[in-house]
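Taking it in order: structure first as structure tokens, then the write-up.
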Amino acid sequence: MNIPNLLQAQKNFFSSQKTKDISFRKEILKKLQKELIRRESDIIKALYNDFKKPEYEAILTETSIVLGELKMTIKSLNSWAKAKRVLPSLLNFPSSAKIYKEPFGTVLIISPWNYPYQLAFAPLIGAIAAGNTVVLKPSELTPHTTAITKEILEAVFDKKQVAVIEGGVAISTELLAQRWDYIFFTGSVSVGKIIAKAAAEYLTPVTLELGGKSPCVIDESANIKLAAKRIVWGKFVNGGQTCIAPDYLLIHTSVKEDFVQFFKEELEKAYGENPEKSADFPRIINSKNFNRLTSMLSNENFLIGGKTNSEDYYISPTLIDEPSIDSEVMKGEIFGPILPLISYESEEKIDKIISKYDKPLAFYIFSTKNNYAEKMIAKYSFGGGTINDTTVHFVNHRLAFGGVGESGIGGYHGKHTFDTFTHSKGVVKRGNWLDLPIRYAPYTNKLKNLRTLLKWT
Ligand code: NAD
């Protein structure tokens with residue numbers, strides 16, 4: 001089926017009102033749940049084949065998250081989808097008012113390669129739960145995961161409800177030329193802008209989950225040993241290819257030496273003396289990204305790492321000492337296992353560096369001074385963040401996950417995903433037993449009464 005025909009088939013199915021039926025949605029989500037559980041080991045294998053993602057990380061950062069979202073969605077769907085009664089306005093007396101939860105219609109989801117399973121399925125679950133139909137375009141860079149995604153979705157859904165379209169830029173461009181009711185995109189800032197432009201053609205609402213240069217500040221009061229351990233995990237999980245990984249460190253000069261020592265120890269505990277031999281350290285996704293990352297290593301001083309192997313796109317966990325602010329590694333989002341460390345003595349230096357970049361997706365502050373941490377959280381604008389750890393705000397489904405400014409538009413996870421794919425339709429129901437004359441012309445002599453009424457509302 002070509003793209004316009006597929007879209008038309010989905011539009012027809014949506015118009016049939018079938019997806020508005022909550023029990024239909026729940027049944028199909030349960031079917032999906034069964035299939036995802038049944039195919040879990042194949043999904044894990046596919047993730048390994050794509051970029052040597054370790055089984056443990058595949059479960060922790062991909063399959064368990066998707067299954068958690070799905071379980072919660074099935075359990076909460078009745079209450080999320082129910083029309084909500086709200087207080088009526090006195091000006092409308094007598095009346096009642098409700099917010100109806102309405103699906104947008106046909107949704108396009110375009111997902112990236114770095115968490116190729118989770119970042120495709122988490123939005124998809126919410127879109128289906130909200131009663132939409134979905135066309136999913138996964139990344140072309142993870143062919144094994146994309147193949148299993150297709151198999152799973154074809155086993156559960158008819159194409160008129162959910163379809164997977166494989167391909168790269170050309171297919172994506174063709175999809176974006178169609179008229180969708182909602183577009184959900186996860187990927188880079190530059191492609192995010194292409195998506196926003198395409199969506200503007202039909203004023204299609206979008207969620208853009210993008211990236212950015214996420215700072216990590218460590219002040220002189222921080223628990224340095226624990227900070228080192230938590231940064232090692234948050235930076236090097238998935239081989240550093242995580243949108244919310246700390247991108248660069250700003251560390252108080254007085255604790256730098258201790259931090260580097262602890263960082264070395266923690267790194268060795270996690271990945272051994274030679275991380276290349278560790279079964280727990282993934283590879284860079286492709287040659288393009290490998291070359292992009294290795295170009296950041298030239299002319300830098302390494303506190304740790306700096307080793308590469310082009311045969312299987314290996315880059316060792318690397319800590320760069322005091323790079324120049326104009327260096328390659330400090331230009332854009334790193335998105336790999338390279339971590340620049342810059343020391344500071346004054347607030348001004350922190351401010352100068354953070355303010356140089358657009359609003360990041362994440363922000364991390366390690367400090368035992370509560371007021372200072374709170375001050376930093378309030379001072380800078382960012383998508384979301386963590387005090388005294390990295391990346392873990394992602395797993396609390398009560399916190400909408402998303403960016404701000406260049407790091408994205410909108411947020412999702414848990415109920416927020418359902419709300420993302422739902423239009424809240426406000427409706428007033430008027431009573432017929434009384435019809436106050438106040439709003440009707442002629443207005444002569446009514447102004448005084450109007451002013452009194454407005455005081456009450
Ligand atoms: P990408 O923008 O290159 O690709 C993402 C998707 O867009 C893919 O499906 C790709 O086929 C498609 N695409 C690529 N070029 C296109 C074009 N010109 N026109 C239309 N579609 C196009 O991103 P990526 O390399 O897959 O992922 C890395 C980026 O994603 C990083 O910047 C990272 O920070 C970001 N990211 C963000 C989140 C988040 O939740 N905010 C999560 C993961 C990754």
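The values are calculated or read from the model by the stated rules, or taken from the named source; none is laboratory data. This structure is a prediction, so every number in the text was calculated from the model and none was measured. Glycine gets a Cβ as well: all are built from the backbone with ideal geometry, and neighbour counts include every protein chain shown.
Only residues that are surrounded by fewer than 18 Cβ atoms within 10 Å (Cβ to Cβ) and not in a helix (DSSP H, G or I) were counted across region 249-271, and they come to 0. Against the conditions (1) buried (at least 20 other Cβ atoms within 10 Å of the Cβ); (2) near the ligand (Cβ under 10 Å from one of its atoms), I171 satisfies every one except (1). Residues of region 215-246 that are in contact with a strand residue (DSSP E or B) (Cβ under 7 Å, 6 or more places away or on another chain), in a loop (DSSP other than H, G, I, E, B) and within 16 Å of the ligand (Cβ to nearest atom): I244, P246. Only a single criterion out of (1) surrounded by 20 or more Cβ atoms within 10 Å (Cβ to Cβ); (2) under 26 Å from the mean Cα position of the chain (by Cα); (3) not in a loop (DSSP other than H, G, I, E, B) is not satisfied by R292, namely (1).
Exactly one residue out of H413, H423 is out of contact with any Ser or Thr (no Cβ under 9 Å at 6 or more places or on another chain) and either more than 13 Å from the ligand (Cβ to nearest atom) or in the same structural domain as F366 (by TED's automatic domain parsing) (or both): that is H423.
Away from the ligand (no atom under 16 Å from the Cβ), of a type in the set (G, A, S) and more than 25 Å from A222 (Cβ to Cβ), is that true of S278? Here the answer is yes, as S278 does meet what is asked.
Restricted to region 174-192, and to residues that are part of a loop (DSSP other than H, G, I, E, B) and of a type in the set (S, T, N, Q), which residue is farthest from the ligand (Cβ to nearest atom)? Across region 174-192, the extreme among qualifying residues is Q178. Residues in region 193-206 that are under 17 Å from G405 (Cβ atoms) and either crowded, with 22+ Cβ neighbours inside 10 Å or away from the ligand (no atom under 12 Å from the Cβ) (or both): I195, V206.
Table: residues versus (1) surrounded by 23 or more Cβ atoms within 10 Å (Cβ to Cβ); (2) assigned to a helix (DSSP H, G or I); (3) among the basic types (K, R); (4) touching a residue at least 60 places away in the same chain (Cβ under 8 Å).
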site	(1), (2), (3), (4)
S79	no, yes, no, no
S96	no, no, no, yes
N114	yes, no, no, yes
E151	no, yes, no, yes
K160	no, no, yes, yes
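Candidates are the residues of region 326-367 that are touching a residue at least 24 places away in the same chain (Cβ under 8 Å) and exposed (fewer than 13 other Cβ atoms within 10 Å of the Cβ); the one that is nearest to F259 (Cα to Cα) is E345.
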